[in-house]
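These notes are about the structure you will find just below.
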Amino acid sequence: QVQLVESGGGLVQPGGSLRLSCAASGSFVSISAMGWYRQAPGKQRELVASRYSIGSTNYANPVKGRFTLSTDNAKNTAYLQMNSLEPEDTAVYYCNVRARRSRSSGYEDYWGQGTQVTVSS
């Protein structure tokens, strides 16, 4: 079993910043990707940013230049630094990790419980 614990959401004024954290723990042998998705009311869940263990980071167009995804592989933790936040960024943010539980199994997606980010004056 893989557990993801998220933290860092909250209420912030437009133009402000927040930093989200996601720590992965449990029974797995490797992680191939870590990232963040978000879901606003009445909308589908969408990619915010993702990074494979080998490769570059992908960002959704609306957050490019404002959000930064970083990972600490030794701690199996991903961070999302969000700057210049806008009301349109209001959503529940979900951490996503692609991991495998044994060397003979395939990679599966695991999700955090979600953390609310509200941007409002």
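The values are calculated or read from the model by the stated rules, or taken from the named source; none is laboratory data. In this text, all values refer to a predicted model and were calculated from it rather than measured experimentally. Please note: Cβ atoms are built from the backbone with ideal geometry, for glycine as well, and neighbour counts cover all protein chains shown. The area values use the complete protein model at the heavy-atom level, side chains included, leaving out ligands, DNA and RNA. Shrake-Rupley method; radii C 1.70, N 1.55, O 1.52, S 1.80 Å.
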Per the filter on the stretch 32-51, residues touching a Gly at 6+ places or on another chain (Cβ under 9 Å) and open to solvent by 30 Å² or more (accessible area, probe 1.4 Å) are GLN39, LEU47, ARG51
Here are some conditions: (1) in contact with a strand residue (DSSP E or B) (Cβ under 6 Å, 6 or more places away or on another chain); (2) within 30 Å of SER121 (Cα to Cα); (3) modelled with pLDDT under 95. SER32 meets all but one. Which one does it not meet?
(2)
Going through the stretch 52-88 one residue at a time, which ones are of a type in the set (A, V, I, L, M, F, W, C) and loosely packed, with under 11 Cβ neighbours inside 10 Å?
ILE54, ALA74
Test: SER56 is without any contact (Cβ under 8 Å) to a residue 12 or more places away in the chain and of a type in the set (S, T, N, Q):
yes
Can you report the number of residues in the stretch 95-106 which are open to solvent by 40 Å² or more (accessible area, probe 1.4 Å) and either modelled with pLDDT of 95 or more or not hydroxyl-bearing (Ser, Thr, Tyr) (or both)?
5
Taking strands (runs of 3 or more DSSP E) that do not extend beyond the stretch 16-74, which have at least 1 residues that are basic (Lys, Arg) and within 17 Å of VAL119 (Cβ to Cβ)?
18-26, 30-39
